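Single-structure report; data block below.
Bear in mind that the values in this text are calculations on the coordinates, not laboratory data. Source: prediction; values computed, not measured. Using ideal geometry, Cβ is built from the backbone for each residue, glycine included, and neighbour counts are taken over all protein chains shown.
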Amino acid sequence: MAKSLRDAVFAVDDPTVRWSARDSLAAGFWPPLGSPFSLVEFTHRYASAGAALRPLASGGADVWDRIDRSKVVPQLRDRLRDPGIMRQEQTDLCGPYAIVFELARRRRVSYVKFADELLTKGELQTSEDTIEAEEDLRERAVPGHIADVDWLYTATIRDDENLTEDVDDGEGIEGLTLWGAMADWTRGLLGLNSHWETCINSGELDALLAAQDAIDAGGVAFMLIDANLIKDGEDDSEEDMHWRSRRHTAREPLGQLGDMKHSEDDAFPPDHWVVYLGGLTPRHPSEDDQITLKVWSWGREFTISGNCDAFGEYLYAIVTGKP
């Protein structure tokens with residue numbers, strides 16, 4: 001194989017196993033590769049990340065007592081293949097997870113290089129400053145339900161931002177993220193021009209349109225919501241909001257959307273960051289329109305539908321990033 005193709009293969013598959021394009025494709029990619037499968041497209045997407053992964057995979061001194069480089073490498077491969085598999089589990093690190101999801105999706109080389117910097121030096125250098133993993137965090141065990149590479153990133157950037165609370169398990173106030181930090185990370189880690197706005201009492205439709213504008217411009221958008229929007233409300237019919245979801249699983253093709261669920265009734269305060277994936281239909285709705293849109297969280301894609309005004313009851317802030 002040509003060097004660039006070898007690097008692309010190295011980015012997403014175990015190099016000790018004989019490589020087959022058919023087998024690799026069968027394990028799934030997200031976003032999907034084109035059909036029919038193109039080695040040119042595959043190489044273009046992954047070769048640079050694979051080249052960046054080689055020095056990380058070759059070993060070296062680690063400054064983390066409880067993170068295993070041999071686990072991080074295959075976890076990086078799985079996330080380069082499909083960043084949607086990341087799951088925060090019972091932590092409250094939804095903000096950092098949303099940022100790292102977009103880092104793995106949009107800046108694959110930086111995603112790998114930042115992991116290498118954190119493993120070997122305990123810090124990473126963004127376009128604006130240095131994010132440092134303090135010694136007590138590097139000595140702490142990774143929660144058993146969290147992947148090493150996800151903890152490496154999310155615990156570090158949240159702990160670095162906290163003024164008083166150390167991150168020990170990622171639950172509670174230590175994991176809380178507001179829009180200012182999300183905007184800073186969007187700028188520093190994702191390399192985008194960031195903007196935030198709240199819509200706590202009004203302006204929800206304008207915020208939704210601003211999020212879609214960012215996606216249309218090739219950027220990103222994050223929404224601070226009441227998580228009840230994407231929880232099963234069963235018989236609750238207070239708000240006209242519904243959703244269907246499909247789960248991302250490592251090395252499996254993305255499945256079909258599940259059954260329609262009704263959202264739980266909205267509550268206060270807002271408690272969850274999601275990645276807005278776009279798809280707003282109609283593109284310029286009024287508050288009385290029925291809309292659909294897509295978000296990512298908890299290792300799942302959600303297709304949300306319902307009344308635009310009702311959706312606004314769950315939306316409290318957005319952070320956008322544009323090139």
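On full extension, the segment bounded by E197 and R66 gains 43.3 nm, given 0.36 nm per residue less the C-alpha separation. Spin-label pair E287-S58: with each label point 7 Å from Cα along the Cα-Cβ axis, the two points sit 6.1 nm from one another. Between the Cα long axis of helix 39-57 and the first principal axis of the chain there is an angle of about 60°, rounded to the nearest 10. The residue among T186, H242, I291 whose Cα reaches farthest toward the positive pole of the charge dipole of the chain, with charges on the beta-carbon of Lys, Arg, Asp and Glu, is T186. Using only the C-alpha atoms, the convex hull of the stretch 132-265 corresponds to 173 Å³ per residue.
Using equal-weight Cα scatterers in the Debye expression, the normalised intensity of the stretch 226-271 in log10 at q = 0.27, 0.28 Å⁻¹ is -0.91, -0.94. With Cα atoms defining each centre, the stretch 28-58 and the stretch 261-275 are spaced 35 Å apart in the structure. The convex hull built on the alpha-carbon positions of the stretch 61-143 has an orientation-averaged projected area of 5.6 nm². Dividing the convex hull volume of the alpha carbon atoms of the stretch 3-182 by its residue count gives 119 Å³ per residue. Taking only the C-alpha atoms of the stretch 87-195, the Rg (one decimal) and the largest Cα-Cα distance, Dmax (whole number), read 12.6, 36 Å. In terms of other Cβ atoms within 10 Å, K3, K294 run from fewest to most in the order K3, K294. Once you treat every alpha carbon in the stretch 8-87 as an equal point and sum by Debye, what is log10 I(q)/I(0) at q = 0.14, 0.17, 0.20 Å⁻¹? Values returned for q = 0.14, 0.17, 0.20 Å⁻¹ are -0.49, -0.70, -0.93. Compared with the alpha-carbon gap, the fully stretched path from L25 to E89 is longer by 20.3 nm at 0.36 nm per residue. List the lysines whose Cα lies under 27 Å from the Cα of K71, skipping any in the same chain that are fewer than 8 positions away. Result set, ordered by chain and number: K3, K113, K121. Close amide H pairs (under 5 Å, H built 1.01 Å from N) link M241 with S263, residues at least 5 positions away or on another chain. Calculated on the Cα set of the stretch 194-322, radius of gyration then Dmax: 13.9, 42 Å. Rounded to the nearest Hz, the phi-derived 3J(HN,Hα) couplings of the stretch 189-206 under the Karplus curve 6.51 cos²θ - 1.76 cosθ + 1.60 (θ = phi - 60°) are 8, 9, x, 10, 6, 9, 8, 10, 8, 9, 9, 5, 10, 6, x, 5, 5, 4, where x marks glycine and proline. Backbone geometry of the stretch 82-99 corresponds, through the Karplus equation with coefficients 6.51, -1.76 and 1.60 at θ = phi - 60°, to 3J(HN,Hα) couplings of 8, x, x, 6, 4, 9, 7, 6, 8, 6, 10, 9, 4, x, x, 4, 4, 5 Hz, x marking Gly and Pro. Three principal axis extents of the stretch 180-255 based on alpha-carbon atoms, in descending order, are 42, 41, 23 Å. When shorter helices are ignored and each DSSP H run of at least 4 residues is given -39500 (n - 2.57), the per-residue value for the chain at 222 nm works out to -11500 deg cm²/dmol.
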